[in-house]
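To start, the structure under review is shown below, and the notes come after it.
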Amino acid sequence: MDLIAVCTVSGSVWVARWYNALEKIWTLTPSLDDKGKVETLAWRPDGKVIAIGYSNGIIRLYNVDKLEMIHELIQKPIESNNSLHLICAGINCLHWVHETCANSDHMIFGQQEANNFLSAHPIQKYLPRLNTLARVQPISKLLRNISETDGDEMDDETTNSIDLLLAGDAHGNLHL
């Protein structure tokens, strides 16, 4: 990875490429409705996504190539001990973890056990709702486009890896 991300005093985030000299790729300026300032940055291990943690408890994931927000995670406010105000703790630590299991024999669950576990425990009700896809096409058009190409997109290689974002807030809570 030859990219560097820098947070400025004004709250902007710069992403630049280092190749004999520093070449700025894009700048993310703070919007007027953002009440939080940038506290921490973390690269996904493959370098394609950057996570930005803000002082108001929001985490935003950006596609580095296109400067588009992929997802926004918002903390649920908690009640302050000293008052009746609801507050969100600032995000002050972000870290991506990449885990790979080279041998599928070391997996905790087989495919059947995983399906049984997921059907018994509806985890989707605890997970944040994902953004909708902006460029959704009918499946027939998608398959026609894929058949016209080399077919590399059809290579469905199963990987036994996962990227997990860990976030720590100012109250000492750890979020996955």
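Each value in this text was obtained by applying a stated rule to the coordinates, not by laboratory testing. Just so you know, these numbers come straight off a predicted model, no measurement behind them. Neighbour counts run over all protein chains shown; Cβ positions are idealised from the backbone, glycine included.
Where Lys and Arg each count +1 and Asp and Glu each count -1, what net charge lies around TYR62 among other residues with Cβ under 12 Å from its Cβ? List each step's numbers first, then the result.
Working: positive: ARG44, LYS48, ARG60, LYS66; negative: ASP65, GLU68, GLU72.
That sum, taken over residues with Cβ under 12 Å, equals +1.
How do VAL6, VAL15 rank when sorted from fewest to most other Cβ atoms within 10 Å of their own Cβ?
Starting with the residue having the fewest Cβ neighbours, the order is VAL6, VAL15.
Counting other beta carbons within 10 Å of each residue's own, what order do SER161, SER55 fall into, fewest first?
Ranked by crowding around the Cβ, least crowded first: SER161, SER55.
The calculated FRET efficiency for the pair ILE162 and ILE74, based on their C-beta separation and a Förster distance of 25 Å, comes to about 0.65.
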